[in-house]
1. Highest mean first, how do 41-47, 109-115 rank when packing is the count of other Cβ atoms within 10 Å averaged over residues?
2. So which of LYS88/LYS134; LYS77/LYS125; LYS62/LYS134; LYS86/LYS125 end up more than 31 Å apart, counting from Cα to Cα?
3. How high is the FRET efficiency from GLN33 to GLU98, r the C-beta distance, R0 30 Å, rounded to 0.05?
4. How do 48-60, 90-102, 73-85 rank on mean C-beta neighbours within 10 Å, highest first?
5. At q = 0.10, 0.21, 0.22 Å⁻¹, what log₁₀ I(q)/I(0) does the stretch 50-137 have when each alpha carbon counts as one equal point scatterer in the Debye sum?
6. Work out how much length ALA114 to SER136 would gain on full extension: take 0.36 nm times their residue separation and subtract the Cα-Cα distance, in nm to one decimal.
7. Estimate the FRET efficiency between ASP26 and ASP83 by the formula 1/(1 + (r/R0)^6), using the beta-carbon distance for r and 25 Å for R0, to the nearest 0.05.
8. What does the charge count around ARG56 come to, taking other residues whose C-beta lies under 14 Å from its C-beta (Lys +1, Arg +1, Asp -1, Glu -1)?
Amino acid sequence: MNNKDAKTNKNYLRLQQNFLLKSNLDESCILNQSLALIANKWTLLILMALMQGTKRTNELQKQINGISPKMLNETLKKLIDYDMVKRKVYPEVPPRVEYALTDFGISTADPLAALLDWSLEREAKLTTLYYKMKKSK
């Protein structure tokens, strides 16, 4: 988006206007608060995986490449605490545990879809940047 396009983009203008009102993007900022809760790699990937439907721990582990069992369990616990994910334990031996999104978790679908659309529109550039970043580590 060039500078001219930015001036006519309604979301760009909306963000610009909202943030002009705040001199600090500190913890009193709702965007800061939202990002503190969900803006990490594993949280977003778990939410996206659960958009496909109810899953067991081992299904999530297989689907989310690179997440350790410990990190998966910690992130699921946080998402349960945030009321984004619900956990159902079946009284079986061995116990069967399933995870699903709550209504609050489902409400992340629109912003995640917007992020997906943005990513797909810029796939070539993002892929190049991703591998450049990985190479520099």
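Only the coordinates and a few stated rules stand behind these numbers; no lab work does. Predicted model, so just to flag it, every value in this text is computed and none were measured. Because the Cβ atoms are built from the backbone with ideal geometry, glycine has one as well, and the counts that use them run over all protein chains shown.
1. My ranking of the peptides, most packed first, is 41-47, 109-115.
2. Working: LYS88/LYS134 37 Å; LYS77/LYS125 34 Å; LYS62/LYS134 22 Å; LYS86/LYS125 36 Å.
Pairs exceeding 31 Å: LYS88/LYS134; LYS77/LYS125; LYS86/LYS125.
3. Values: r = 29 Å, r/R0 = 0.97.
FRET efficiency, GLN33 to GLU98: 0.55.
4. Values: 48-60: 15.2, 90-102: 12.0, 73-85: 16.8.
Top of the packing list down: 73-85, 48-60, 90-102.
5. Computed log10 I(q)/I(0) values: -0.36, -1.11, -1.15.
6. Values: separation 22, 0.36 × 22 = 7.92 nm, distance 2.85 nm.
Full-extension gain reported as 5.1 nm.
7. On the way: r = 25 Å, r/R0 = 0.98.
Using R0 = 25 Å, I get an efficiency of 0.50.
8. Numbers: positive: LYS55, LYS62, LYS86, ARG87, LYS88, ARG96; negative: GLU59, GLU92, GLU98.
For residues surrounding ARG56, the net value is +3.
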